[in-house]
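The values are calculated or read from the model by the stated rules, or taken from the named source; none is laboratory data. Since the model is a prediction, treat every value here as computed from it, not as a measurement. Heads up, the Cβs are rebuilt from the backbone with ideal geometry, glycines too, and the neighbour counts pull from every protein chain shown.
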């Protein structure tokens with residue numbers, strides 16, 4: 001599905017919801033007053049002006065007013081699940097590697113299996129602590145070519161010289177675990193997917209990698 005189609009669907013659904021919230025036609029106001037009230041007054045966890053129930057339909061994140069990380073509120077964003085890569089780094093200095101990338105067969109710190117999510121292993125190959133990381137990742141449907149793109153800062157993630165640490169995107173709230181869109185294609189698209197990432201630390205060459213997620217959740221990735 002193309003970016004234009006996503007935009008059309010977003011605008012169409014949002015317009016319908018806003019019409020319901022405003023009461024719509026006289027007939028709608030009379031017969032669907034309860035539905036209109038629910039649309040207007042339903043929970044809006046992230047305060048972006050889109051009720052949580054609508055976010056699920058639209059595919060946006062109910063816990064983040066800026067789903068794709070482009071600095072624009074979802075309500076005003078014509079493509080709320082797609083931003084271009086904002087990482088601009090001219091340095092060619094190598095300071096870290098992505099030493100593992102998983103979307104399936106994930107493990108916690110104790111080696112126990114956990115639900116599918118995006119997991120990166122990062123190795124510091126330099127001589128100083130690394131911090132202030134940011135990341136850009138895309139999720140592409142291998143059958144249709146539909147793509148979603150997200151940008152995130154990674155506050156608190158620090159890797160010491162010679163150390164390997166994991167970054168998780170899984171909404172658990174644990175240290176080095178970061179939030180991501182629970183309504184994204186990763187969770188809603190039944191087709192095979194390719195997840196591509198670009199990880200960056202200031203003053204160092206960004207590192208990239210990609211991994212496939214099989215249809216219906218079979219195993220994928222390397223470690």
Identity of the residue in segment 96-109, under 15 Å from residue 164 (Cα atoms) and assigned to a loop (DSSP other than H, G, I, E, B), that ends up farthest from the chain's Cα centre (by Cα): 109
Among the candidates 116, 77, 68, residue that is assigned to a loop (DSSP other than H, G, I, E, B), within 18 Å of residue 171 (Cβ to Cβ) and not assigned by TED's automatic domain parsing to the domain that holds residue 135: 68
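This table checks each residue for (1) out of contact with any strand residue (DSSP E or B) (no Cβ under 7 Å at 6 or more places or on another chain); (2) within 24 Å of residue 55 (Cβ to Cβ); (3) touching a residue at least 24 places away in the same chain (Cβ under 8 Å); (4) surrounded by fewer than 17 Cβ atoms within 10 Å (Cβ to Cβ).
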{"site": "104", "(1), (2), (3), (4)": "no, no, yes, no"}
{"site": "108", "(1), (2), (3), (4)": "yes, no, no, yes"}
{"site": "119", "(1), (2), (3), (4)": "no, no, yes, no"}
{"site": "147", "(1), (2), (3), (4)": "no, yes, yes, no"}
{"site": "166", "(1), (2), (3), (4)": "no, no, yes, no"}
{"site": "188", "(1), (2), (3), (4)": "yes, yes, yes, yes"}
Filtered residues of segment 168-191 (kept if within 11 Å of the chain's Cα centre (by Cα) and closer than 19 Å to residue 108 by Cα): 169, 170, 171, 178, 179, 180
Selection count, segment 127-145, where residues are in contact with a strand residue (DSSP E or B) (Cβ under 8 Å, 6 or more places away or on another chain) and either free of Cβ contacts under 8 Å to residues at least 60 places away in the same chain or part of a strand (DSSP E or B) (or both): 11
